[in-house]
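A.B. asks: What follows is a structure written as structure tokens; I'll ask about it next.
The values are calculated or read from the model by the stated rules, or taken from the named source; none is laboratory data. As the structure is a prediction and not an experimental result, all values here were calculated from the model. We place every Cβ from the backbone using ideal geometry, glycine too, and count neighbours over all the protein chains shown. Remember, those area values only see protein heavy atoms, side chains included, never the ligands or the DNA or RNA. Shrake-Rupley method; radii C 1.70, N 1.55, O 1.52, S 1.80 Å.
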Amino acid sequence: MTYMPPFTKLVDLQAGIIPDAVMVQRRYLADLKGLFADPAAEAALMADNPLLYEVQEATENPIEEGQLRYSTTIIYPGKVGDEYFFTKGHFHAKGDRAELYLGLSGQGYLLLMSPEGEINVQPMKTGSAAYVPPYWAHRTINVGSENFVFFACYPADAGYDYASIAQKGFSSLVVEQNGHPQLIPNPKWAK
Ligand code: M6P
Ligand code: ZN
């Protein structure tokens, strides 16, 4: 039997930088086209095509049961209309896989949705260890004025199901009202 060698990666616990990251994925507004609720606001901002967030992947651990992967995500501050910048959001392709998020800096919301459309929101700040149970879709949102940075650890074989979010979105939107984040029903959401 040969065993996988243990290893250690350094993670900047404030900025979220992983100097030895195996991959940095940068997601711009164009990569999230159609996900924001206000098409006119999205179109107006598209000329600049701002960077919304980046994911620094610490590992390329094998996609197999029992393995973990971990990453940091940096979501930049900003809004499309009244809607704060967010990640695409996904169900796990293997729905029974859970995930752990740890807030590193800034102010965020972890927005979760069950397959039936039930919404749950977990506010996150430095030190928040937020648990994503099996089957819940999850999206993170920067509701503050600085970078929102968090660490994520998840089963390597969880996989990504972006399709249903791309079609219907989440059943609630997180928008700024009177300077504060507010959940409102997504008018475009249908079961
Ligand atoms: C976290 C983890 C990653 C995910 C990233 C961005 O770092 O959950 O697996 O890729 O957030 O989220 P999304 O893939 O939905 O854009
Ligand atoms: Zn996930």
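A.B. asks: Please state the charge dipole magnitude for the chain, taken about the Cα centre, from unit charges on C-beta atoms (+1 on K and R, -1 on D and E), reported in debye and rounded to the nearest 20.
C.D. replies: Dipole of the chain, to the nearest 20 debye: 200 debye.
A.B. asks: Based solely on its DSSP helices, what 222 nm [θ] is calculated for the chain when runs of n ≥ 4 H residues each add -39,500 (n - 2.57) and the sum is averaged over all residues, nearest 500 deg cm²/dmol?
C.D. replies: My calculation for the chain gives -2000 deg cm²/dmol from helical runs alone.
A.B. asks: Where a Cα-Cα gap under 17 Å defines reach, which lysines qualify for residue 188, not counting those fewer than 8 residues away within the same chain?
C.D. replies: 33, 88, 168
A.B. asks: Taking all protein chains in place and a 1.4 Å probe, what share, in percent, of the accessible surface of the chain do carbon and sulfur account for?
C.D. replies: Carbon plus sulfur share of accessible area: 54 percent.
A.B. asks: How big is the accessible area of residue 184 in square angstrom, nearest 10, if you roll a 1.4 angstrom probe over the protein chains?
C.D. replies: Probe radius 1.4 Å; accessible area of residue 184 about 50 Å².
A.B. asks: With the crude spin-label approximation of a point 7 Å out along Cα→Cβ, what separation in nm comes out for residue 176 versus residue 23?
C.D. replies: With each label placed 7 Å out from Cα toward Cβ, I get 3.2 nm.
A.B. asks: If packing is taken as the mean number of other Cβ atoms within 10 Å per residue, what is the order of 63-69, 155-161, 29-35, highest first?
C.D. replies: Result, highest mean Cβ count within 10 Å first: 155-161, 29-35, 63-69.
A.B. asks: Can you tell me how much longer the chain between residue 146 and residue 163 gets when fully stretched, taken as 0.36 nm per residue apart minus their C-alpha distance, in nm with one decimal?
C.D. replies: 3.2 nm
A.B. asks: While we're here: Let me cross-check residue 113: its accessible surface, 1.4 Å probe, with only protein heavy atoms counted, in Å² to the nearest 10?
C.D. replies: 10
A.B. asks: Just report the Cα centroid separation between segment 155-179 and segment 93-114, whole Å.
C.D. replies: 11
A.B. asks: What distance in nm separates the simple spin-label points at residue 121 and residue 14, each placed 7 Å from Cα in the Cβ direction?
C.D. replies: Placing both labels 7 Å beyond Cα along the Cβ direction yields 2.9 nm.
A.B. asks: Continuing with the same structure: For the chain, with every protein chain kept in place, what is the accessible area per residue (1.4 Å probe, Å²)?
C.D. replies: Computed with neighbouring chains in place, this is 51 Å² per residue.
A.B. asks: Scan segment 81-160 for GluC sites (Glu not before Pro) in coil per DSSP, keeping those whose Cβ has at most 11 other Cβ atoms within 10 Å, and list them by number.
C.D. replies: Passing both the DSSP loop test and the Cβ count: 116, 118, 146.
A.B. asks: Roughly what percent of Cα-Cα pairs across the chain reach past 24 Å?
C.D. replies: 37
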